[in-house]
Amino acid sequence: MSSFKISRTGEDIKRELTDIMRSLKDPRITGLISIVKMDLSGDMSHCKVYISSMDGLEAAKRAVQGLTSASGFIKHELNSRMKLRKVPDFKFIADNSIEHSADISKMLNDLK
């Protein structure tokens with residue numbers, strides 16, 4: 001498949017995943033949780049989703065646990081919204097890039 005189609009489909013999946021994550025009622029998924037990056041495989045069967053939280057790495061790890069346990073529901077919802085031939089298997093990975101960028105922003109503001 002062309003890389004353009006994979007990247008376009010990846011962006012569509014990212015947009016839908018963000019909406020699905022907002023509707024989940026798992027208590028582990030709280031605060032400002034966002035998708036930092038997604039790696040969709042060439043055959044669109046596997047997808048690594050990097051999750052970050054404003055509350056830090058521990059909150060991101062809890063959110064990853066909640067998202068992993070809800071992965072069946074997420075796949076079902078994604079399939080009903082996008083009508084993909086094959087819905088990818090998701091692997092959620094905790095990332096601390098939002099916390100890191102907030103720390104850098106705070107340091108820069110302190111310099112002023």
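Points to keep in mind about this one:
- All of (1) out of contact with any Phe, Trp or Tyr (no Cβ under 9 Å at 6 or more places or on another chain); (2) crowded, with 17+ Cβ neighbours inside 10 Å hold for residue 49 with one exception: (1).
- Condition check for residue 87: of a type in the set (Val, Ile, Thr), surrounded by 14 or more Cβ atoms within 10 Å (Cβ to Cβ) and more than 18 Å from residue 34 (Cα to Cα): yes
- Residue 70 being within 15 Å of residue 95 (Cα to Cα) and crowded, with 18+ Cβ neighbours inside 10 Å: no
None of the figures in this text is laboratory data; all of them are computed from the coordinates on show. Note that this is a predicted model, so its numbers are computed, not measured. Reconstructed Cβ throughout: ideal geometry from the backbone, glycine too, with neighbour counts over all protein chains shown.
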